[in-house]
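Each remark here refers to the structure printed beneath this line.
The values are calculated or read from the model by the stated rules, or taken from the named source; none is laboratory data. Since the structure is predicted, the reported quantities are computational estimates derived from the model, not experimental observations. With ideal geometry, Cβ positions are generated from the backbone for all residues, glycine too; neighbour counts draw on all protein chains shown. These area figures cover heavy atoms from the full protein model, side chains too; ligands, DNA and RNA do not enter into them. Shrake-Rupley method; radii C 1.70, N 1.55, O 1.52, S 1.80 Å.
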Amino acid sequence: MEAERTLSGHRLISVFLYTIMKKEGGRREKDADMEAGKMKLKNVLIVVENIECSKKFYHDLFGLEAAAVSEGNMILTEGLVLQEKKGWDSLIGRTSVCGGGAGELYFEENYMDGFLEKLKLYPEPVSCVNPVAERDWGQRVVRIADPDGHVIEVAESENSVVRRLRREGMELEAIKEKTGLPIEQVRGICGEQE
């Protein structure tokens, strides 16, 4: 019975994706026909102990909304699927482990300072895996864990890095050297065409 409920969650994913395709006038169906034989990744599913707790975490910190919900399964915007552990274990026929650090979810943030402030103000404790660090190429990153221990990396977007370095007074050529981006791209991001 539990496995059947979980399968209905996976059917829900298919129905949700089909609905999106129909709203887009079948564009995805036409694209699929043109690329027959090419498989596409549609969702990433993570196993969680408490789906409501995880929904709140991903909504409050990352702005993800519930796009489709069934018992024990929830599709969030951006394609992240939350699956309750009990149903997942029943579906795969063994005991799973939530989190564990064997992979990570990667998010890019245009306003890193704003995200870091939001993180500080989050009412529940958030486990910090790696504190904020600036990489050699100028990108600031932080790694945290969700309530189930799934590792999440949040990094400044490439454009944000370039703009921040420029605001800090770095010359275009120095930004090019630091980031490894072509000078034309750096100029374009900064809005300073030659």
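Here Tyr106 fulfils each of the conditions (1) in contact (Cβ under 8 Å) with a residue 24 or more places away in the chain; (2) outside any strand (DSSP E or B); (3) open to solvent by 60 Å² or more (accessible area, probe 1.4 Å) apart from (2).
Is region 146-162 home to any residue that is over 17 Å from the mean Cα position of the chain (by Cα), over 20 Å from Leu82 (Cα atoms), among the aliphatic types (A, V, I, L, M) and buried (at least 19 other Cβ atoms within 10 Å of the Cβ)? Show your work before the answer.
Start the filter on region 146-162 by keeping residues that are over 17 Å from the mean Cα position of the chain (by Cα), which leaves 159-162.
Then drop every residue that is not over 20 Å from Leu82 (Cα atoms), which leaves 159-162.
Next, only the ones that are among the aliphatic types (A, V, I, L, M) stay: 161-162.
Retained after the next criterion (residues that are buried (at least 19 other Cβ atoms within 10 Å of the Cβ)): 161-162.
Yes, region 146-162 contains at least one residue that is over 17 Å from the mean Cα position of the chain (by Cα), over 20 Å from Leu82 (Cα atoms), among the aliphatic types (A, V, I, L, M) and buried (at least 19 other Cβ atoms within 10 Å of the Cβ).
The residue of region 61-76 that is least open to solvent (accessible area, probe 1.4 Å), among those that are modelled with pLDDT under 95 and not in a strand (DSSP E or B), is Gly72. Of all the residues in region 109-127, those that are out of contact with any strand residue (DSSP E or B) (no Cβ under 6 Å at 6 or more places or on another chain) and in contact (Cβ under 8 Å) with a residue 12 or more places away in the chain number 7.
Assess whether Val186 counts as being within 30 Å of Gly101 (Cβ to Cβ), assigned to a helix (DSSP H, G or I) and free of Cβ contacts under 8 Å to residues at least 40 places away in the same chain. Quick ask: steps written out before the conclusion?
Numbers: within 30 Å of Gly101 (Cβ to Cβ): no; assigned to a helix (DSSP H, G or I): yes; free of Cβ contacts under 8 Å to residues at least 40 places away in the same chain: yes.
Answer is no for this residue.
Among the residues that make up region 30-48, is at least one of them out of contact with any Leu (no Cβ under 7 Å at 6 or more places or on another chain), assigned to a helix (DSSP H, G or I), open to solvent by less than 80 Å² (accessible area, probe 1.4 Å) and at pLDDT below 90? Quick ask: steps written out before the conclusion?
Filtering region 30-48 down to residues out of contact with any Leu (no Cβ under 7 Å at 6 or more places or on another chain) leaves 30-41, 43, 45, 47.
Okay, now just the ones that are also assigned to a helix (DSSP H, G or I), so 30-34.
Within this subset, residues satisfying the condition of being open to solvent by less than 80 Å² (accessible area, probe 1.4 Å) are 31-32.
Now restrict to residues that are at pLDDT below 90: 31-32.
Taking every residue of region 30-48 in turn, at least one turns out to be out of contact with any Leu (no Cβ under 7 Å at 6 or more places or on another chain), assigned to a helix (DSSP H, G or I), open to solvent by less than 80 Å² (accessible area, probe 1.4 Å) and at pLDDT below 90.
Checking each residue in region 77-103 for being under 13 Å from the mean Cα position of the chain (by Cα) and either of a type in the set (S, T, N, Q) or not in a helix (DSSP H, G or I) (or both) picks out Thr77, Leu80, Val81, Leu82, Gly103.
Whether any residue in region 82-99 is closer than 30 Å to Arg164 by Cβ, surrounded by fewer than 18 Cβ atoms within 10 Å (Cβ to Cβ), touching an Asp or Glu at 6+ places or on another chain (Cβ under 9 Å) and touching a residue at least 60 places away in the same chain (Cβ under 8 Å) is what I want to check. No, there is no match, as no residue in region 82-99 is closer than 30 Å to Arg164 by Cβ, surrounded by fewer than 18 Cβ atoms within 10 Å (Cβ to Cβ), touching an Asp or Glu at 6+ places or on another chain (Cβ under 9 Å) and touching a residue at least 60 places away in the same chain (Cβ under 8 Å).
Scanning region 57-72 for residues that are over 17 Å from Tyr111 (Cβ atoms) and among the hydrophobic types (A, V, I, L, M, F, W, C), which turns out farthest from the chain's Cα centre (by Cα)?
My answer is Val69.
Among the residues of region 163-175, write down those that are open to solvent by less than 60 Å² (accessible area, probe 1.4 Å) and either in contact (Cβ under 8 Å) with a residue 24 or more places away in the chain or in a helix (DSSP H, G or I) (or both). So that I can check it myself, show each step before the final result.
Of region 163-175, the ones open to solvent by less than 60 Å² (accessible area, probe 1.4 Å) are 164-165, 169-170, 172, 174-175.
Answer for region 163-175, where residues must be open to solvent by less than 60 Å² (accessible area, probe 1.4 Å) and either in contact (Cβ under 8 Å) with a residue 24 or more places away in the chain or in a helix (DSSP H, G or I) (or both): Arg164, Leu165, Leu172, Ala174, Ile175.
The single condition from (1) out of contact with any strand residue (DSSP E or B) (no Cβ under 7 Å at 6 or more places or on another chain); (2) outside any helix (DSSP H, G or I); (3) at pLDDT 95 or above; (4) of a type in the set (S, T, N, Q) that Asn130 fails is (1).
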